[in-house]
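So the structure is just underneath, and the comments pick up after that.
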Amino acid sequence: MDAREIKQQALEHHIFGLANRQQLQEEGPFIFASAEGITVTDIDGNQYLDMMSTLTRANSVGYGREEIARAVYNQLVGMHYAGTVAQVAEPTIQLAAKVAELAPGRLTASFFVSGGSEAVEAAFKLAKQYQYHRNKPRAFKIISRSLAYHGATMGALAASDWLGQRHISEPGVPGHTRIPAPTCYRCPFGLEYPDCGIKCATWLEREIQQEGPELVAAFIAEPVMQAHGVQVPPPEYFPIIREICDKYEVLFIADEVITGFGRTGEWFAMNHWDVEPDIMTVAKAMTSGYFPMGAAITRKEIVDALPAFLHVHTYSGHAAGAAAALANIAIYERENLIARGKELGQYLLDALKPLEQHPIVGQVRGLGMWAAIDFTANKQTRAPFEDDTVRAVARRVRELGVLVSPIGTAVEMAPPLTARKEDVDRLVAALEQAINDVARARNLL
Ligand SMILES: Cc1ncc(COP(=O)(O)O)c(C=O)c1O
């Protein structure tokens, strides 16, 4: 099949996911043929610098890592799949022990799954079962945040408010409510940090009281929210959340599906604020996308409170997935990717910051190797663009040979942790040019 045929087949037989149908017809599906390091080649032979770590931000270690492939191969040949629950293969246990070493504080017990949504479902069920066996047997409610994204399965979706998927799938799981999110550039309360008193955090107490403390099992939050681009909370936010959760015996679930494994310059983003969650969910960069894998990680005391965790997946702790994760983590350690990402992330943010002077840029923000440029049609009111200006910028960056992503009001970057300074320089130059080109073409300068 030639490239045109493959694209046509993709449209006819396969691609009907979240992608907008009209945009797909206009822009075509984006089909990759090969990749090496941090450069991908599409089926037309065009090469791109992948500054999104594969769109989903999973691929932290870059493409073509033979040692991960070999670890998966060896495991598949030796013992491809051992079963589930208490019948597992050795790498699964080694991975659990490794995760215990890396995860914050007392988080030493892992329940492995096949991705982020499953990790969130496991976390919710764990929280409810823990509460059942402890002091709050009726606790079933979950509080999340406006604009949150926790996954596509029904439980995770009920805690989500992003990508426009929720309403069409309702009625959702009962017992879910939301509080406003720390989206400081466009504060939901119309306040400014630091005079705001971190109202978005203290609001949690009000919500717990409103819902009935004895009925609330858990609060879930992304440490850094993806909605409208890399929403870094104020430093006081998570310590306040932790205090409120402790006061009402509400478990705090940190959803580190994107942020976990180094995206923000620490192994896990909660390390930035020295706050230990009760449960942490991870996926994506745990294997850098070389195998579908995730986990809900908790402390022993929570596991020990249950006679059994009543939850199971056929592929929980898959041996080849565990082998991939171990090989991936070994690369992180050998190449010092956490420290490297932290340093290069700061370099990226410093290089992007001057763009805040641009007439259509509202704010530049980021943490570690995750950054966003939030656009505005009016610097005074901070109003977002109502048209496709943001998408046009991302499209133009792609024409310049670099992959970034439009995300609501912003353009996002999540470079692999293996990127080099030259790559970041090229990214920033492409962004600058694209913003100027689009602004000029639309008379926005
Ligand atoms: C914070 C967060 N949680 C959960 C998920 C769901 O993960 P998955 O798509 O692997 O099911 C995502 C996916 O992007 C996510 O960003």
Problem - Difference of contour (0.36 nm per residue) and Cα-Cα distance, residue 199 to residue 3 - result: 65.3 nm
Practice task
Could you calculate the FRET efficiency of residue 134 with residue 106 from 1/(1 + (r/R0)^6), where r is the beta carbon distance between them and R0 is 22 Å, rounded to 0.05?
Solution key: 0.85
Exercise for the section: Quick one: which residues, 5+ away or cross-chain, put their amide H under 5 Å from the amide H of residue 145? H built at 1.01 Å from N. Expected result: 179
Exercise for the section: Take the alpha carbon atoms of the stretch 254-276, find their center, do the same for the stretch 293-354, and report the distance between the two centers in whole angstrom. Expected result: 9 Å
Fill in the blank from the handout: Output row, site residue 26, 7 Å Cα→C-beta label point, backbone N cut-off 20 Å, window the stretch 348-381, residues 375-377
Exercise for the section: Please grab the % of Cα pairs in the stretch 250-332 that end up more than 15 Å from each other. Expected result: 62 percent
Handout entry: Dipole of the chain, positive end: most advanced residue of 359, 348, 317 [Cβ charges, Cα centre]
Key = 317
Exercise for the section: Could you work out how far apart the two model spin labels at residue 41 and residue 386 are, taking each label as a point 7 Å from the Cα in the direction of the beta carbon, and quote it in nm? Expected result: 4.6 nm
Fill in the blank from the handout: Candidate span helices, the chain: DSSP H, at least 20 Å along axis from Cα coords, Kyte-Doolittle average at least -1.0, result 116-133, 319-334, 337-352, 421-441
Exercise for the section: Show that you can apply the helix-only estimate: for the chain, add -39,500 (n - 2.57) for every DSSP H stretch of four or more residues, divide by all residues, and state [θ] at 222 nm to the nearest 500. Expected result: -11000 deg cm²/dmol
Handout entry: Simple spin-label estimate for residue 379 and residue 274 in nanometres, 7 Å along Cα-Cβ
Key = 3.8 nm
Handout entry: Label-point separation, residue 420 to residue 441 (7 Å along Cα→Cβ), nm
Key = 3.1 nm
Handout entry: At 0.692 mPa s and 37 °C, Stokes D of the stretch 67-334 from Kirkwood alpha-carbon radius, µm² per second
Key = 175 µm²/s
Exercise for the section: State the number of lysine pairs found in the chain whose Cα atoms come within less than 26 Å, restricting to pairs 8 or more positions apart or on distinct chains. Expected result: 29
Practice task
Check each of the trypsin sites (Lys or Arg not before Pro) in the stretch 87-193 and keep only those in coil by DSSP with at most 16 other C-beta atoms within 10 angstrom; list them in order.
Solution key: 106, 134, 138, 166
Practice task
Grab the Cα-Cα distance for residue 94 and residue 335, subtract it from 0.36 nm times how many residues apart they are, and report the gain in nm with one decimal.
Solution key: 84.7 nm
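Since every read-out is calculated from the coordinates, none of them should be taken as a lab result. Please read these numbers as outputs of a predicted model, since none were measured by experiment. Every residue, glycine as well, gets a Cβ built from its backbone with ideal geometry; the counts of neighbours run over all protein chains shown.
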